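The values are calculated or read from the model by the stated rules, or taken from the named source; none is laboratory data. This one's a predicted model, so the numbers in the text were calculated from it and none came from an experiment. Cβ atoms come from the backbone with ideal geometry, glycine included; neighbour counts cover every protein chain shown. Protein only, heavy atoms only, side chains kept; ligands, DNA and RNA dropped before computing areas. Shrake-Rupley method; radii C 1.70, N 1.55, O 1.52, S 1.80 Å.
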Amino acid sequence: GAGVSQSPSNKVTEKGKDVELRCDPISGHTALYWYRQSLGQGLEFLIYFQGNSAPDKSGLPSDRFSAERTGGSVSTLTIQRTQQEDSAVYLCASSLGRAGPGNEQFFGPGTRLTVL
Amino acid sequence: GQQVMQIPQYQHVQEGEDFTTYCNSSTTLSNIQWYKQRPGGHPVFLIQLVKSGEVKKQKRLTFQFGEAKKNSSLHITATQTTDVGTYFCAGKYGGSNYKLTFGKGTLLTVNP
């Protein structure tokens, strides 16, 4: 596609429910990243994929958070038993996945998650 | 762990004044990137610096990478209202993965 797309753009859920957030990266980008951004805050790294494997899951806040990537393309971030502190904008980014120049990250528009 | 510290957290200037934001890492970076996030938007890539002491310019924006590859700065000359947003630096450390470590960003507001 032309850019990174994410769905849904907004998600309102009740505390305790599970949610799934989807990211569709730029075609041909092997690296995919998930970040969380609370209101007015910086980018909190969650997880990074190279192809379908996740070399770095160090940012996942708890075992309620998981992510997968299939076919080296679409990724899903799942939050189980959501809590109010999970409310944030979840940003996905993709990059070519190579060293050196040109490896900038392209961000999607984000999913705004609100947990009531 | 590896962290990139960015200061200041906020900067408010009058239109026409200059602006600088600084990033610092305690360990050597492989390269550093800069991103801009407009209010309500998502981060957009500005530039990447790779070489020790590198300086790059984009119109009124000047980016520098320190000689030791541990610090970087972004300087905007004669700010305009269109410069409003949060500027993030993002450092890559050595290794085979492509993860970036983002600074917390500097929010720039410009008074017309």
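With point charges of +1 on the Cβ of Lys and Arg and -1 on the Cβ of Asp and Glu, referenced to the Cα centre of chain B, which listed residue (B:Thr81, B:His12, B:Val50) lies farthest in the positive direction of the dipole? In chain B, that residue is B:Val50.
Per the accessible-area calculation with a 1.4 Å probe, the total area buried between chain B and chain A rounds to 1600 Å².
For the pair B:Thr20 and B:Met5, the difference between a 0.36 nm per residue extended length and the Cα-Cα distance amounts to 4.0 nm.
Can you pull the percent of the stretch B:4-111's accessible area that's carbon plus sulfur, 1.4 Å probe, other chains left in place?
51 percent
Only protein heavy atoms count here; under a 1.4 Å probe, A:Glu14 has an accessible surface of about 110 Å². Average accessible surface for the protein assembly as shown: 48 Å² per residue, computed with a 1.4 Å probe over protein heavy atoms with every protein chain in place. Accessible surface of chain A, 1.4 Å probe: 47 percent of it comes from carbon and sulfur atoms. Structural descriptor for chain B: relative contact order 36 percent, calculated from alpha carbon pairs under 8 angstrom and at least 6 residues apart. Ranked by the mean number of other Cβ atoms within 10 Å of their residues, highest first, the peptides B:47-53, A:30-36 fall in the order A:30-36, B:47-53. Just check the stretch A:33-107 against the gyration tensor rule for me: Cα atoms, a ≥ b ≥ c as the square roots of the eigenvalues, rounded for a/c under 1.5, and otherwise prolate or oblate depending on whether a/b exceeds b/c. It is oblate, given that a/c is not under 1.5 and a/b is not larger than b/c.
Taking all protein chains together and a 1.4 Å probe, the residues A:Arg22, A:Arg69, B:Arg38 rank B:Arg38, A:Arg22, A:Arg69 from largest to smallest accessible area.
For each pair in B:Lys51/B:Lys104; A:Lys57/B:Lys59; A:Lys57/B:Lys57; B:Lys57/B:Lys92; A:Lys15/B:Lys36, compute the distance between the two Cα atoms and list the pairs where it is over 30 Å.
Long pairs (Cα-Cα over 30 Å): A:Lys57/B:Lys59; A:Lys57/B:Lys57; A:Lys15/B:Lys36.
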